[in-house]
Amino acid sequence: MGVHRSTVIFAWILLLPALLYVLVIVAYPLVDTVILSFTDASLKKLTNWVGFDNYRKIFNATFASVIVRTFIWTFFSVSIKMIIGTFGATMLNSAVPGRSLFRVLTMPPWIVPMAIGIFMWGWMYNGQFGMISGVLQNLGLVSGPVAFLAYGSTAFWATIITDVWIGVPLVTLYMLAAMQAIPQDLYEAAWTDGAGRAYRFRRITLPLLVPSLITMSMLSLIATFNSFDIIWILTRGGPDGETTTMIIDTYRTAIGSYKYGEGAARAVLICIFLSLFCLAYFRTTSRFATGDNR
Amino acid sequence: MSHPAMINRYKWYELIGIYAGILLFLTFVLAPFVEGFLVSLKPLSLLFSSPYRFWPENGSFEAYRTMWISVPGFGRYIFNSFFISTIVTAVVLVLVVPAAYAFARFDFRGSGVLLGAFLAVNMFSGAVLLIPLFRLMRTMGVLNTYFAMIVPGVAFLIPSAIWLLRTYMMRIPKELDEAAFVDGASHFYTLRRVILPIAMPGITVVAITTFIGAYAQQFIYALTFNSKSEYMPLPVGLFAYFGRQEVVWNELMAASFVGIAPALVVIFFLQRYLVSGLTAGAVKQ
């Protein structure tokens, strides 16, 4: 398309308000976070430049375990989300009566206020009267009430399951769209050649889904790494720090204890990890050349 | 000749397998809502009885009445949530409609990078930018106002709104605005009089998804930038209640259901547009 000077100016005028907004509310705070991370800023203290002190301070055994935990938490959450979501999409892609209703029914966890869905999980995990504990007791699988959020190991998995639950609808709908974008004639050709359903799934559906699986995993990875609400509402990082991820730790340090400098150093570290994920994401998507590069 | 319909014909045991799979999947997705709803119907005595009972015998909607009193400020939280989401949606639309048009139509130098930069904003949700934003809001003296909860919310809803609307606008034939331009209409006139009316359904979808997004995600900023219950949106208001020792669970669940009702209504009426709108742009058609 021939681009006139006036057209370019017009395009920039259209973009400018949104661009300025994002610059002020996202880019400036980002720069400010980096600057803050080299200072000892706190609620009371005047700001002094402290160089890499904050970074040196956070690399201790506790924080190392927070990083490791964050990665384990994210890994399991994303993997389970992808598995359940793809399974759901496969089921909902079947041409059976009622499927449009079933598709609608997958949406609530994603569309209702996240916090409210989490309260419901909070009740389900409730140690004295919660559903999960109650059902396990009724089935005779456990002898007394189980307070899932009171023990590190169960709380860890409880927060993962809730995060999976929140993320599954998006994965499902995305994978469903990806499945429906596969040209139907591929299946028809295979069918005429006598290929069975399982064969068609393994040789047509699955290979063609790989780019979408990778894209969705990367997007999900970023969202999960950033996940705050679920852990904060269910456990606030406890018990005994067993569900403290990097985001939770940052929040506690910065907003909870007003140690802005130390919090900012943690936030910078998160940004570095996220940038690496994004880089990997752009590289894989450009390699597979999915629809994102329109 | 193969008949497309025959491919998808299932044998009876396949059908059973599929329905079992769907049932299993939906059970996971819907269990908390079903349980939450049943809890909202149960009298407290039944809730705290052992052994656990799933079905609400003697169930009633009593909790939906009493929660207005025992969840203090509930009406105010609902109003705040709607108010914040409405303003956020309006601001997002004003910023995004022109930007999406620019990205959909003008392929100037740097437009690709800029689009990527907008999308990268999605990366920094949550606590990452909280510290400078908190300090900024404090310096400006707007902590504990609606303003502090609206401003960051807008920024993080811009990228997906641009993405969705751009995809929609790209489907509008280019000939339309080219013809108007040839006829002597200015770019601005073309956008306002030719594109906007045609793009209205797309803008509506973006408005709805933005509103739902604003309503659903107003937690961390509201939690951090506001401590006054008169400005609290519903999720934070209920969270304050949720954190107490003596939570009246059936009333909390009743309040939750009233709080999610708008989203459920939207899903019910607009699911067709939501599914297609939200997945468009995600995958090449």
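The values are calculated or read from the model by the stated rules, or taken from the named source; none is laboratory data. None of these values were measured; they are calculated from a predicted model. As a convention, Cβ positions derive from the backbone with ideal geometry for all residues, glycine included, and neighbour counts pool all protein chains shown. For accessibility, only protein heavy atoms count, side chains too; no ligands or nucleic acids. Shrake-Rupley method; radii C 1.70, N 1.55, O 1.52, S 1.80 Å.
Looking at the structure I just gave you, is B:Thr167 farther than 23 Å from B:Gly213 by Cα, assigned by the TED database to the domain that holds B:Ser111 and touching a residue at least 12 places away in the same chain (Cβ under 8 Å)? Write out each step before concluding.
Numbers: farther than 23 Å from B:Gly213 by Cα: no; assigned by the TED database to the domain that holds B:Ser111: yes; touching a residue at least 12 places away in the same chain (Cβ under 8 Å): yes.
Judged against the criteria, B:Thr167 is not a match.
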- [ ] Within the range A:251-282, work out how many residues are at pLDDT 80 or above and more than 16 Å from A:Ala223 (Cβ to Cβ).
- [x] 21
Task: In the range A:133-166, the residues that are within 27 Å of A:Val66 (Cβ to Cβ), open to solvent by 50 Å² or more (accessible area, probe 1.4 Å) and within 12 Å of another protein chain (Cβ to nearest Cβ) - done: A:Ile161
- [ ] Give me a count of the residues in the range B:220-269 that are more than 10 Å from chain A (Cβ to nearest Cβ) and within 27 Å of A:Ser100 (Cβ to Cβ).
- [x] 2
Task: The one condition in (1) in a loop (DSSP other than H, G, I, E, B); (2) modelled with pLDDT under 90; (3) more than 8 Å from chain A (Cβ to nearest Cβ) that B:Gly112 fails to fulfil - done: (1)
Task: Set B:Ile78, B:Ile18: member being open to solvent by less than 50 Å² (accessible area, probe 1.4 Å) and within 10 Å of another protein chain (Cβ to nearest Cβ) - done: B:Ile18
Task: Selected residue (only one of A:Arg236, A:Arg200 is among the basic types (Lys, Arg), open to solvent by 20 Å² or more (accessible area, probe 1.4 Å) and free of Cβ contacts under 8 Å to residues at least 60 places away in the same chain) - done: A:Arg236
Open item on the list: For the range A:239-267, give me each residue that is within 21 Å of A:Asp163 (Cα to Cα), open to solvent by 10 Å² or more (accessible area, probe 1.4 Å) and at the interface with chain B (Cβ under 10 Å from one of its Cβ atoms).
Closed with: A:Asp249, A:Tyr251, A:Arg252
Open item on the list: For the structure I just gave you, tell me whether A:Ser212 is modelled with pLDDT of 85 or more, part of a helix (DSSP H, G or I), surrounded by 20 or more Cβ atoms within 10 Å (Cβ to Cβ) and away from chain B (no Cβ under 11 Å).
Closed with: no
Open item on the list: If a residue must be assigned to a loop (DSSP other than H, G, I, E, B), without any contact (Cβ under 8 Å) to a residue 24 or more places away in the chain and either closer than 24 Å to A:Met246 by Cβ or not assigned by the TED database to the domain that holds B:Pro98 (or both), how many such residues does the range B:115-154 contain?
Closed with: 0
Task: Members of the range A:93-120 found to be part of a helix (DSSP H, G or I), more than 7 Å from chain B (Cβ to nearest Cβ) and open to solvent by less than 40 Å² (accessible area, probe 1.4 Å), listed by number - done: A:Ile118
Task: Cβ pairs under 6 Å, 6+ apart, first in the range B:42-68 and free of Cβ contacts under 8 Å to residues at least 40 places away in the same chain and farther than 11 Å from B:Val248 by Cβ, second open to solvent by less than 90 Å² (accessible area, probe 1.4 Å) and part of a helix (DSSP H, G or I) - done: B:Pro51/A:Asn138; B:Tyr52/A:Gly134; B:Tyr52/A:Asn138; B:Pro56/B:Leu38; B:Pro56/B:Leu41; B:Gly59/B:Leu41; B:Trp68/B:Phe74
